[in-house]
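Single-structure report; data block below.
The values are calculated or read from the model by the stated rules, or taken from the named source; none is laboratory data. All values derive from a computational prediction rather than experimental measurement. Here Cβ is always computed from backbone atoms with ideal geometry, including for glycine, and neighbour counts include all displayed protein chains.
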Amino acid sequence: MTRSHDDFERLIVRRLDGELGEEESLELDRAILREPEVRRMWESYRRIDELAAASLEGALVRGAGRYDMARLTDERRVARRWTHHRGWLLVPGAIAAALLALVVPKPEFLDRGRVPSTPTERLTARSANDESLPRVSDRTDGLMHNAGMTKRATGRDVLGVVGDDGNLYLLEVDRSRTVRMPPPRTGPVDEL
Amino acid sequence: MKAMHRPDEVDMEAPVIEAVLAGDRFAFEELVRRHDRWVRSVVFGALADRSALDDVVQQVWTTAWRRIGELRDPTRWKPWLYRLARNAAYDAGRELKRRRQLAQAGTGSAGGTASFDAGSIDEEQRRLVLSAIEALPAIYREPFVLRHVNGWSYQRIGDVMGLPVDTVETRLVRARRLLREALEGKVNQS
C-alpha cells in the first residue's frame, strides 16, 4: 500500500509523540530510507520538536513553584458545600414528606374541639370540608390587557409549608410571565 | 513523565485532595508543588504570553484554594483545575490584548513580550521556535504544549481537554505543520 505525503506526516508526528505501533514504525523507517522527501520531513519535524521542548522548558520552568504560599492560601475559602453532595436529597425528601402528609391521616386529637384561628388552620378546615383552596388572582390582569400586555403561565411550583398544627400543607404557586400581545392584523394577509 | 489520572485508575492524589478539602494548607502547598508544571503548561498553551505567565498561574492557584470547596466530585479535580487554569488564561489574554491596544493607541507603538537573550545560535533558534509556538492558533497550541511539557499521551490529553483521541492527533499534526511552515529556512537541521 502506497501512502500519501499526509499519511507519512501523520506517522512522523505519532512517532515523535510515542504513539506509533511496531508495524507502522517499520513502514516509516523504510520510507525514510527510500524517499528523500519523507526523510527531509522527518528531520525537520524532529529538529522542531527538540527546539520546542527546550524552549518550552525554559519558558515554563522559570518562575515555577516560586509562589508566596501564605498569600496563595490567604484568601477565605468557600466551605465545602453540602448541597453539592446532599442537595439532591432535598427534592425527593420534600416529595416524600408531601406524599406522607397526604396519605397519613391527621390524628383527631390535634384539632378536636378547636376552632380554626390561624390562616393555616382555616386552610385545613376548608380542605377538610372539601372546599377548594382560595386562589389569589392577579388584580392587574385587566390593566395589563388594556396596555397591550398579557400574562402567560410558565409553570407551577408546589411548596410544602409546615402548619401550626405540625402538618405539612401544600401550596400551589402559579408562575407567569408578562408578554407583549401581538398587534391586531389590519390589512390583507400576504400569500406566499 | 507524569501520566494523567484516568477514571479507571486509582488516583494517588486522593488523600491530598481530601486534606485540601478539609482546609489543610500544607496539603495544598504539596498539591501546588506536584502539579504546578502542567498547570503552567495549560496557562501558557492558552495564553501564549510568557510575561504574564507567573502572575496568571499564581492567580489560578489562589482561586483553586478559594473555590475547591465547590468541587462536586473530588475525583474529577484535575479536569476542574484544568478548566480553572484555561479560563484564567483566556481572561488574562483578553485583558492583556485590551491593554496593549490602549497602549498602542496612546503611544503609537506596539508592546513587546519578554524575550530571551540570544547568546548562541541554538538560543536564537529556540527563541524563534517559541515565538512560532506562541503564534499558533490556541486550538493547536494547547495540545502541543501539553504534549511537549508533560509528555502526556493522546488519551491523557483528550481526557483533560474533553477531546477524542483522533482530534488530539489531528491537532498535533496540524500544529507541527504550521510550525514547519513558519520556520521554513530559519531552523537548521541538527
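A single entry from B:27, B:89, B:48, B:64 fulfils the requirement of being at pLDDT below 90 and either among the small types (Gly, Ala, Ser) or out of contact with any Leu (no Cβ under 8 Å at 6 or more places or on another chain) (or both): B:48. Under the condition of being in a helix (DSSP H, G or I), more than 21 Å from residue B:124 (Cβ to Cβ) and either in contact (Cβ under 8 Å) with a residue 12 or more places away in the chain or under 16 Å from the mean Cα position of the chain (by Cα) (or both), the residues counted in the stretch B:146-175 number 18.
In the stretch B:40-61, the residue that is surrounded by the most Cβ atoms within 10 Å (Cβ to Cβ) out of those that are free of Cβ contacts under 8 Å to residues at least 40 places away in the same chain and hydrophobic (A, V, I, L, M, F, W, C) is B:57.
Would you point out the residue of the stretch B:54-63, among those that are of a type in the set (A, V, I, L, M, F, W, C) and within 9 Å of chain A (Cβ to nearest Cβ), that is farthest from the chain's Cα centre (by Cα)? Result: B:61.
Exactly one residue out of B:118, B:138 is surrounded by fewer than 20 Cβ atoms within 10 Å (Cβ to Cβ), at pLDDT 90 or above and more than 9 Å from chain A (Cβ to nearest Cβ), and it is B:138. Do you know which of the residues in the stretch A:11-54 that are of a type in the set (Val, Ile, Thr) and more than 7 Å from chain B (Cβ to nearest Cβ) is farthest from residue B:166 (Cα to Cα)? Looking at residues that are of a type in the set (Val, Ile, Thr) and more than 7 Å from chain B (Cβ to nearest Cβ), I get A:32. From the list B:176, B:156, the one residue that fits, being within 18 Å of residue A:7 (Cα to Cα) and either at pLDDT below 95 or crowded, with 20+ Cβ neighbours inside 10 Å (or both), is B:176.
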